[in-house]
Amino acid sequence: MLYVDGKWVEAGVAAVDPEDRGYNFGDGVYEVIRIYKGKLFQWDAHIERMERSAKEIQMKMPWSAQELLDIAKQLMDKNGITAQDDATLYMQVSRGNSPRVHDIPGDVKPVLMGFARKKDRPLADQKKGLKAALIEDIRWLRCDIKSISLLGAVMVKQYAKDTGAQDAILHRDGIVTECSAANLFAIKNGELYTHPANNLILKGITRDVVIELAAKNGLTVHEKPFDTKFLLQADELFLTSTTAEVMPVISVDGQAIADGQVGSVTQKLQTLFEQHIEEAVLV
Ligand SMILES: Cc1ncc(COP(=O)(O)O)c(CN[C@@H]2CONC2=O)c1O
């Protein structure tokens with residue numbers, strides 16, 4: 001069951017207006033929110049980021065955080081997500097339905113769409129790590145906006161998959177930014193490095209949690225750019241996202257990172273993240 005523009009719609013039933021600007025232009029914003037044991041994780045941070053993304057594209061959000069929460073809860077209920085289930089919630093706001101013109105119509109009404117589906121945590125991959133490929137970052141220069149214009153992210157992930165890797169580590173002229181749908185951390189001599197939160201990356205919520213956990217546990221975090229040489233000489237690599245959590249990367253372009261095993265600092269952060277989930281206030 002989906003929620004589309006005020007209506008509950010069975011999956012697979014056409015519900016998008018052919019002139020929805022989200023459909024025609026990718027003109028809209030979205031969030032993917034983790035559900036652990038039937039409750040929403042980091043809800044406030046996701047809604048705050050969604051509202052910022054909307055503001056950055058000059059789109060007024062007509063729903064309050066509480067109205068969005070009510071719809072989210074109904075989505076979870078209508079899709080049979082119980083207190084035993086891990087799941088994800090997808091919420092998207094397109095600018096709305098209007099005859100196709102590039103400039104922003106004055107009278108267009110945003111369209112809210114959402115779905116919720118059960119999704120296990122990627123615990124097996126977190127134990128063994130992923131293979132990545134270094135791919136040029138061909139995306140636009142407002143990656144800080146969580147936009148549904150994701151063709152760039154689609155292409156770089158496919159380029160990586162075509163090489164036999166599982167994700168792309170992106171770089172702009174040799175400076176590492178992030179992954180196709182995740183932030184990236186390198187560890188060197190026990191210290192964490194990650195790209196600063198600017199227009200070249202999405203300020204990930206999981207990234208923020210990991211930075212806070214690292215600092216609280218005596219790990220130094222450098223939010224500063226590093227190059228592909230530093231990346232390949234790192235002691236450990238991991239990516240972070242709502243769906244991947246803290247996900248080790250053990251090789252890049254077929255080259256093992258250090259001994260090609262999941263590193264001890266990454267494992268420590270995985271444990272700290274696990275504890276954080278247990279202790280966090282979920283809604
Ligand atoms: C480009 C990009 N960078 C970083 C992140 C990590 O941000 P969060 O830690 O806030 O999730 C995402 C999340 N992408 C979501 C997460 O899962 N699927 C997605 O599209 C992303 O798309």
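Restricting to the range 115-129, name every residue that is crowded, with 21+ Cβ neighbours inside 10 Å and not in a loop (DSSP other than H, G, I, E, B).
Ala116, Gln126 - these are the residues of the range 115-129 that are crowded, with 21+ Cβ neighbours inside 10 Å and not in a loop (DSSP other than H, G, I, E, B).
Here are the criteria: (1) open to solvent by 30 Å² or more (accessible area, probe 1.4 Å); (2) outside any loop (DSSP other than H, G, I, E, B). Tell me which single one Ala132 does not satisfy.
Every condition holds for Ala132 apart from (1).
Tell me whether the range 151-160 contains one or more residues that are away from the ligand (no atom under 13 Å from the Cβ) and either in the same structural domain as Met50 (by TED's automatic domain parsing) or in contact with a strand residue (DSSP E or B) (Cβ under 8 Å, 6 or more places away or on another chain) (or both).
Yes, the range 151-160 contains at least one residue that is away from the ligand (no atom under 13 Å from the Cβ) and either in the same structural domain as Met50 (by TED's automatic domain parsing) or in contact with a strand residue (DSSP E or B) (Cβ under 8 Å, 6 or more places away or on another chain) (or both).
Test Ile47 against the stated conditions and say whether it is touching a His at 6+ places or on another chain (Cβ under 8 Å), surrounded by 21 or more Cβ atoms within 10 Å (Cβ to Cβ), of a type in the set (A, V, I, L, M) and outside the structural domain of Gly152 (by TED's automatic domain parsing).
For Ile47, the condition - touching a His at 6+ places or on another chain (Cβ under 8 Å), surrounded by 21 or more Cβ atoms within 10 Å (Cβ to Cβ), of a type in the set (A, V, I, L, M) and outside the structural domain of Gly152 (by TED's automatic domain parsing) - is not met.
Being under 29 Å from Val210 (Cβ atoms), surrounded by 15 or more Cβ atoms within 10 Å (Cβ to Cβ) and touching a Gly at 6+ places or on another chain (Cβ under 7 Å): is that true of Ile57 here?
Here the answer is no, as Ile57 does not meet what is asked.
Out of curiosity, is Glu178 away from the ligand (no atom under 12 Å from the Cβ), under 24 Å from Gly164 (Cβ atoms) and at pLDDT 95 or above?
No, not satisfied.
Can you tell me which of (1) within 15 Å of the ligand (Cβ to nearest atom); (2) surrounded by 22 or more Cβ atoms within 10 Å (Cβ to Cβ); (3) in the same structural domain as Asp227 (by TED's automatic domain parsing) is the one Gln166 doesn't meet?
Tallying (1) within 15 Å of the ligand (Cβ to nearest atom); (2) surrounded by 22 or more Cβ atoms within 10 Å (Cβ to Cβ); (3) in the same structural domain as Asp227 (by TED's automatic domain parsing), Gln166 fails exactly one: (2).
Ala234: of a type outside the set (S, T, N, Q), more than 21 Å from the chain's Cα centre (by Cα) and part of a loop (DSSP other than H, G, I, E, B), yes or no?
Judged against the criteria, Ala234 is a match.
Give me the residue from the range 217-242 that is farther than 18 Å from Gly174 by Cα and open to solvent by 50 Å² or more (accessible area, probe 1.4 Å) and, out of that set, nearest to the ligand (Cβ to nearest atom).
Asn217
Among the residues of the range 1-31, write down those that are among the acidic types (Asp, Glu) and closer than 28 Å to Asp144 by Cα.
Those that are among the acidic types (Asp, Glu) and closer than 28 Å to Asp144 by Cα: Asp5, Asp17, Glu19, Asp20, Asp27, Glu31.
Residue by residue through the range 31-41, note down the ones that are surrounded by 20 or more Cβ atoms within 10 Å (Cβ to Cβ) and closer than 20 Å to Leu202 by Cβ.
Of everything in the range 31-41, those that are surrounded by 20 or more Cβ atoms within 10 Å (Cβ to Cβ) and closer than 20 Å to Leu202 by Cβ turn out to be Glu31, Ile33, Arg34, Leu40, Phe41.
Against the definition (in contact with a His (Cβ under 8 Å, 6 or more places away or on another chain), buried (at least 21 other Cβ atoms within 10 Å of the Cβ) and not assigned by TED's automatic domain parsing to the domain that holds Leu40), how does Val176 come out, yes or no?
It is true that Val176 is in contact with a His (Cβ under 8 Å, 6 or more places away or on another chain), buried (at least 21 other Cβ atoms within 10 Å of the Cβ) and not assigned by TED's automatic domain parsing to the domain that holds Leu40.
The values are calculated or read from the model by the stated rules, or taken from the named source; none is laboratory data. Computed from a predicted model, the values in this text were never measured in an experiment. Neighbour counts are summed over all protein chains in view; Cβ atoms, including those assigned to glycine, are modelled from backbone coordinates with ideal geometry. Ligands, DNA and RNA are excluded from the accessible area calculation, which covers all protein heavy atoms including side chains. Shrake-Rupley method; radii C 1.70, N 1.55, O 1.52, S 1.80 Å.
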